[in-house]
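The structure under discussion appears below in the form of structure tokens.
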Amino acid sequence: MKSVIKHNVIPGFGLTLGYTILYLSLIVIIPLSALFFKAATLSWTDFITAVTSPRVVASYRITFGAALAAAVINAIFGLLAAWVLVRYRFPGRKIMDALVDLPFALPTAVAGITLATVYAPNGWIGKWLEPHGIKIAYTPLGILVAMIFIGLPFVVRTVQPVLEAMETEIEEASACLGANRFQTFTRVLFPTILPSVLTGFSLAFARAVGEYGSIIFIAGNMPMVSEITPLLILTKLEQYDYAGATAIASVMLMASFSMLLVINLLQKSSRRYVEY
Amino acid sequence: MDEPWAVRWLMIGTALLFLGLFLLIPLAAVFSQALEKGLAVYLSAISEPDAISAIQLTVLAAAISVPLNLIFGIMAAWAIAKFEFPGKSLIITLIDLPFTVSPIISGMVYVLIFGLQGWIGPWLYAHDIKIIFAVPGVILATIFVTFPFIARELIPLMESQGREEEEAALTLGAGGLQTFFRVTLPNIKWALLYGVILCNARAMGEFGAVSVVSGHIRGSTNTIPLHVEILYNEYNFAAAFAVASLLAMLALVTLAVKSLVGWKMREET
């Protein structure tokens, strides 16, 4: 060990690293490996059957599909919100800026019952949409709304620092060279902030895929129609189908990890493109 | 060079509409629904026995998870920021893990170990030790989902602060703990406070993971979020929102502390 570690006068290495590894093992590594071991007790064909049955596949479609749509909406409006909050001055700006973190701070169950009540047919927003035949609560659309809510802060908070740190000289140079405002935005500013938008997008997506509390109240939770994958896992657990539950859970975990990997690679490549 | 005046106000309007729709309306709805049947119903909802025991369990879970995770966060940040060693990025990835895992899966892994069909389930049953569907399970699940918060706040900050100040303190004769309390701690105090507040908010508000390991037994293994769920499912909306408003107020305090911390940190740099 000593030959690997650079000589350092600061004390406490053994203690802190040892405690860190101990804690991580007890709280993270052992529990998570329990999941993979349990999933491994299924034979390969049983595993495939468990994760590809129609109800499970429908839940993937609903969960990942709605999460993707919500992340896209959050990317667009989050970028807009970040721009407006950083660049413009208007009354209530500071309060709005602080409120952006509400989905982080508000417990998911509270968010869930509130969204369900607001978008229900007799709710504050639901009653405006009901006459037009638009039903949000208890439908897949409700799942989308809940996912937009919980993913909202991610894009805003990843784009804001980049916008704040951007130098105005680049925009001024672009204007000097004859670009109009729109060209300046699309050719100069946007490529600089694209990596942060992608990061925020992927974080919002990953969070929405795993979310449970905010969604189950407003979704209809009907199998094949509006049932999200985490709920399906819980249902299987309650039926003591541990192997099935862990099989689906491992699929979800692998999907999340590969998503994050892909987005990391995307970011690396766009950073290369943007560096000057 | 700037956008035309009309475009600017269109953008502000659209952004405010989006933020107002998804943030302000739900926030207002919590309090409006809580007080819909009047103050008397509100007060009785938050003081009836099941609500009180839910509050007690929630506070207990937070009171155990936050200090444990605080110690872990400081230890991990110290190890990562002040030393070089192989496997550092693996440890950082492991610390970030609860963020990528669904809360349901977080709770499920504890059922897999401690549940009746789990690894040490039969041993626990034989010794009449209850973890799953009892208070210890709730606390374990809470620790799992909240342990990254403090570490994640401290690690980047301590990494950017480097080692020089601590090394200087050591050359001046300070011991390890002295260095920590007098040199490191003042530098990280705002990030530490923010991490603790976030960790606490998440510990008190966790729903999915606790839902899996708790037995939903009213009066003993229910936390505030689970109690809210029960009330809501019984169509007892005013009571559900009344209890929920407690957590909403905690959320507002969290946001206020965050603004304060951000302001203080900007002041100091």
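The numbers here are math on the coordinates, done by the rules we state, and not lab data. Source: prediction; values computed, not measured. Virtual Cβ from ideal backbone geometry, glycine too; neighbours counted across all protein chains shown.
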Nothing charged except the Cβ atoms of Lys and Arg (+1) and of Asp and Glu (-1): what's the magnitude of the dipole of the stretch A:1-147 about its Cα centre? Round to the nearest 20 debye. 340 debye
Given H placed on each backbone N at 1.01 Å, which residues far from A:Tyr138 in sequence or on other chains put an amide H within less than 5 Å of it? A:Ala219, A:Gly220
A:Ala120's amide H: which non-local residues (gap 5+, or another chain) put their own amide H closer than 5 Å, with H modeled 1.01 Å from N in plane and none for Pro or chain starts? A:Gly126
Where in chain A are the DSSP H helices whose alpha-carbon span along the long axis reaches 24 Å or more and whose Kyte-Doolittle mean is at least 1.0? A:54-87, A:140-165, A:190-210
Over the whole of A:25-32, what's the average partner chain Cβ count within 10 Å per residue? Rounded to a whole number, please. 6
Overall Cα dimensions of the protein assembly as shown - principal axes, largest extent first, Å: 73, 71, 56
Among A:47-58, A:204-215, what's the highest-first ranking by average C-beta atoms within 10 angstrom per residue? A:204-215, A:47-58
Find how many whole Å separate the alpha carbon centroid of the stretch B:234-268 from the alpha carbon centroid of the stretch B:160-175. 38 Å
Cα gyration tensor, the stretch B:1-138 - rounded (a/c under 1.5), prolate or oblate: oblate
For the stretch B:31-47, in residue order, the Karplus 3J(HN,Hα) values (coefficients 6.51, -1.76, 1.60; θ = phi - 60°; whole Hz; Gly and Pro = x) are 6, 5, 5, 5, 9, 4, 9, x, 5, 5, 4, 4, 5, 5, 5, 8, 10
Cα centroid distance between the stretch B:29-77 and the stretch A:63-92, in Å? 30 Å
For A:230-242, A:108-120, ranked highest to lowest by mean beta-carbon neighbours within 10 Å, the order is A:108-120, A:230-242
Global form of chain B, assessed from the alpha-carbon gyration tensor, a/c cut-off 1.5: oblate
With the dipole of the protein assembly as shown defined by +1 on each Lys or Arg Cβ and -1 on each Asp or Glu Cβ, the option from B:Phe85, A:Ser214, B:Gly137 whose Cα lies farthest towards the positive pole is B:Phe85
log₁₀ of I(q)/I(0) at q = 0.20 Å⁻¹ - the stretch B:91-159, Debye sum with one point per alpha carbon: -0.81
Which of the three applies to chain A, rounded, prolate or oblate, going by the alpha-carbon gyration tensor with a ≥ b ≥ c and a/c under 1.5 meaning rounded? oblate
For chain A, with only Lys/Arg (+1) and Asp/Glu (-1) charged at the beta-carbon, what is the dipole magnitude about the Cα centre, in debye rounded to 20? 220 debye
Each residue of the stretch B:203-213 in order: what ³J(HN,Hα) in whole Hz does its phi give by Karplus 6.51 cos²θ - 1.76 cosθ + 1.60, θ = phi - 60°, with x for Gly and Pro? 5, 6, x, 4, 10, x, 5, 5, 4, 6, 8
Toy charge model, Lys and Arg Cβ at +1, Asp and Glu Cβ at -1: the stretch A:61-132 dipole around Cα centroid in debye, rounded to 20, equals 220 debye
Per DSSP H run of n ≥ 4, the term is -39500 (n - 2.57); total these for chain A, divide by its residue number, and report the mean residue ellipticity at 222 nm rounded to 500 deg cm²/dmol. -23000 deg cm²/dmol
Restricted to Cα positions, what overall size does the stretch B:180-269 have along the principal axes? Three whole-Å values, descending. 52, 25, 17
How well do other chains shield peptide B:10-20, expressed as the mean number of their Cβ atoms within 10 Å of each residue Cβ? 6
What order do you get for B:154-160, B:144-150, A:66-72 when each peptide is scored by the mean count of other beta carbon atoms within 10 Å, highest first? B:144-150, A:66-72, B:154-160
Positive-end residue, the protein assembly as shown charge dipole about Cα centroid, Cβ charges, pick of B:Ser47, B:Ser220, A:Ala116: A:Ala116
